[in-house]
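Visitor: Before I ask anything, let me first share the structure, which is written out below as structure tokens.
Every number in this text was worked out from the coordinates using simple rules, so none of it is lab data. Here the structure is a predicted model, which means the values were calculated and not measured. Glycine gets a Cβ as well: all are built from the backbone with ideal geometry, and neighbour counts include every protein chain shown.
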Amino acid sequence: MSERDLDRSRTGIMSSLVTILQRSVRVCYELDIVEVVGAIVPALADYASKESRAATYRLIRYLLLDDDSVERLQSFGLDWYLVRSLARDNKHAVEKEQAIKLFRTYIEIGSSRKSPTIGAGSGYVPLSEGVMRALVAVAEHPEDQFRHIALETLAEIRLTDAYGKGAGYAEQMRASSRVVATMLRSWSGLMYLCMNDMRAISSIINTLRIPSLETREVILDLFFEVLKIDTPDWYQAFIDGRRLTVIGSRGAAALRRNSEPSDGAYNTDKLNLSHQYMALLLLVFLEAGLLDALVSILESEDPTANLTRKVTLLLGEVLNISNRLLPSSMAAEVQSLPRLFALASDSQNIDNSRKVASTALSSIESFNRNHARLQRPKTDGNRQRANSIEDTMRRNQRQVEQAKIKLNMQIDDKSFYDTIVKTQVMGNKEATKWDLDIIMSLIEGPLLNPRRVEEAFRVLKWGKRLISFFHPLAGRFSTMKKTQYNYRYIHMGCSLLTTLVSCPEGVKFLREEDPLLKQIADCLLQLDPFNPGTVADPLFSVDRIANTLTYGYIEMLGTLSKHADGI
């Protein structure tokens, strides 16, 4: 029998054994793993085919039943064969696949997870340093098709073996966290970590669930750094157990003096591109389960512990950042903290988690209430700092306004006609005599109903008279002086266009019946020196833009560009 025939026969026999083991697990208990592995180890040699080596790894994997079988297997020195298999190119994919599957079986069966209170090195994974380095090499090779599964395997090993590793382990964790923080500060690094359904980000966040104080401290510090959260002295005072309310005005001033602001998330009132990136980063963390991971720490820790207070601070800062940077719909979802509220309100919960949740909610409320008082006040910029209390009030006001708008949309015909008359648009040509408040209530209320648009613009002609005020060639709106008081007319024009493009009737009116947009386009053409219709004093001249409401047309065009029909 030739060597090839012998190899093929050996592969077939091992495949048949695997089939038998798949059908009946009891056969494994009847076999001596030492004898079987001793007989098939020669099939892992370099002279054997890749199919033979793959079948050998597969058979060994099915022979493993418990940690005792894993320990007995280590006496054969399979590490050398495994490293050789991982070093082969993609032509040996079938062999590398079975080798990695054997690794994962090692981790699943032979790993031990013990209490983190036992001491350093209480976690154990039965893989040698050489095998680990081979796995890392596969994970670092960009063209290796098993790269992602190798990364996942390394992450599982990290989680399994992350219980209490002493000072050296903590330093390694901090060094790794600095690398991750550097990656998260760039678009390319963020995109890389978000590959494969954010598997890497999820692994980082799930590390918070490991009951190891050192590990949790390192990961929490990573989030404080990546989210650019300043840590002034009063943070440490809170972590040490002092109540924020007992820090008086002198103490708060002293803490502010000792806590010079850096380039943090709250140290500028005007939003810029870096804040947009920060908002995206926060959304990625939230999508990967950051809030649930933080709440899980609160469930498992003593409510008076420093770690719990640090988690509470991070939760409060995440809520503040979401209020400031995220859209209201997303920020409201973050603010709800459903799991934490469920724990605090569960009357059937007799363990400590309800008390911890209630304490955390109370601490977050205290943090939000005292955050603005203890932070350095800002004197520049026009945008107000958002905290949870003020922002909630503004959102409540917006909800009330939206409710009023819905009620106004349901106005009856008589009331609608009476309101039209009260605007004074039909009886006075001068816009200064119009009641702008009533006009705005119509624009943001009943006119959101397409039927009312039809009535106001085509039947009553009220809408045509109103929008003719904005025609550039009429010389009414465009000649008004540029003052803060007159800005309300620009606001009215933008609101009117927003309402019109929100319904088909309004879009048709702007496109086919009203000359507003055509006149604006003609006036813009006046700036073209090659246009035969060029005039000496164009409407959009520098002087008119600077001194009249002509610049309001630019804002109106911007309003239209926000809508598909407007464009």
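Visitor: So what's the net charge close to Asn547: Lys and Arg +1, Asp and Glu -1, counting the other residues with Cβ under 9 Å from its Cβ?
Guide: +2
Visitor: Relative to the present Cα-Cα distance, how much length would full extension add between Asn90 and Gln484 at 0.36 nm per residue of separation?
Guide: That pair, Asn90 and Gln484, stretches by 134.8 nm at full extension.
Visitor: May I ask which of Lys429/Lys518; Lys433/Lys461; Lys429/Lys482; Lys433/Lys481; Lys461/Lys482 have a Cα-Cα span longer than 26 Å here?
Guide: Lys461/Lys482
Visitor: What nm distance separates the two modelled labels at Arg133 and Ser561, each placed 7 Å from Cα along Cα→Cβ?
Guide: Modelled inter-label distance: 5.8 nm.
Visitor: Now for a separate question. Can you compute the FRET efficiency between Gln74 and Arg178 using 1/(1 + (r/R0)^6), with r the Cβ-Cβ distance and R0 = 35 Å? Round to the nearest 0.05.
Guide: It comes to 0.50.
Visitor: Right, something else. Would you please give the residues with an amide H less than 5 Å from that of Thr548, counting only those at least 5 places away or on a separate chain, with H modeled from the backbone geometry?
Guide: Here the answer is Lys482, since their amide H atoms fall under 5 Å of that of Thr548.
Visitor: Follow-up question, since we're still on this one. Can you tell me how the stretch 510-567 classifies by the Cα gyration tensor, rounded, prolate or oblate, using a/c under 1.5 as the rounded cut?
Guide: Oblate, because a/c is 1.5 or more while a/b does not exceed b/c.
Visitor: Calculate, in nm to one decimal, what Ser329 and Leu527 gain on full extension: separation in residues at 0.36 nm each, minus their alpha carbon distance.
Guide: Between Ser329 and Leu527, full extension yields an extra 67.1 nm.
Visitor: Place the peptides 473-480, 499-506 in order of packing, highest mean first, counting for every residue the other Cβ atoms within 10 Å and averaging per peptide.
Guide: Per-residue Cβ counts within 10 Å, averaged per peptide and sorted highest first, yield 499-506, 473-480.
Visitor: Ratio of Rg to Rh for the stretch 1-73, alpha carbon only, Kirkwood?
Guide: Result: Rg/Rh = 0.98.
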